[in-house]
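What follows is a short report on a single structure.
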Amino acid sequence: MTLSTRIERIPPAEVRLAEDNAALLHAMGIVVVHLLAPPGAGKTSLMLRTVESIAGRLRPAIVQGSLSASTDPSPLDELDLPSVQVSTGGQPYLDANMLRQALDELPLADVDLVLVEEIGTLTSPAGRSIGAKLRVVIASLPQGEDCPLRYPEPFAHADAIVLNKLDLLPHLEFDRTRFRQAVRRLNANAPIFELSCRSGEGLEPWWTWLLEQAQGQPL
């Protein structure tokens, strides 16, 4: 499977802006985590659980992508955190310019970690970067163990993979071994975190890894 042809289609200006974002964030010691997932996989739940878990250890902020300007309430609105909602104007994914506009609205001097909630899709261009240090793909049991094979490019470029809704395992025919094998066909190195945001099972390895990445050393 060749992924490079689509990577080359990303405009050079977009690549440069992503590099500028990455340089700015690195200079300020801020880690951006770009969360990608199909609808219903649990991005918002994972963000809520993550913020809860790292409280007092990192100073998080949130960027939420949406297809259009929305005033619909979100559980994330209740968090006492800096947050920005970004409208893509119908574009099915965030880009580096949108992230830069969001960063300009955040109090970056008071932030260590930015969680970016992508629009619910796994079909954005392969290799596209917004300047985030970490790209995390979230799948869940209802999507099936073949989800990585149906959407190979995001899994191939992920820095970590989260398998959510483990609490549904007794009720679904889901083969965890097949899911892992499918991931490893595409990505040999990214850690896989199997967890349940509802029950809390498996969350500690996830947020421990995230803290290690943000702080630059094992805990």
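Each value in this text was obtained by applying a stated rule to the coordinates, not by laboratory testing. Please read all numbers here as calculations on a predicted model, not as lab measurements.
The HN-Hα couplings worked out from phi for region 167-175 by the Karplus form 6.51 cos²θ - 1.76 cosθ + 1.60 (θ = phi - 60°) are 5, 8, 3, x, 10, 10, 8, 10, 9 Hz, whole numbers, x standing for Gly and Pro.
Over the chain, what is the relative contact order in percent, taking alpha-carbon pairs closer than 8 angstrom and at least six residues apart? Walk me through the intermediate numbers first.
Values: 377 pairs, mean separation 54.4, N = 219.
Once normalised by length, the contact order is 25 percent.
According to the Cα-based calculation, Rg over Rh for region 139-187 is 0.95, with Rh computed by the Kirkwood formula. Considering amide H positions built from the backbone, and no H for Pro or chain starts, which residues 5 or more places from S140, or on another chain, come under 5 Å of its amide H? Sorted by chain and number, the residues that satisfy this are N164. Between I119 and G65, L94, the built amide H atoms are under 5 Å apart, and every one of these is 5 or more places off in sequence or on another chain.
Annotation: extensible slack from R178 through E78 equals 32.2 nm (criterion: 0.36 nm per residue apart, minus Cα-Cα distance). Here's how it looks for Q85: its modeled amide H is under 5 Å from those of Q64, which are all 5 or more places away or on a different chain.
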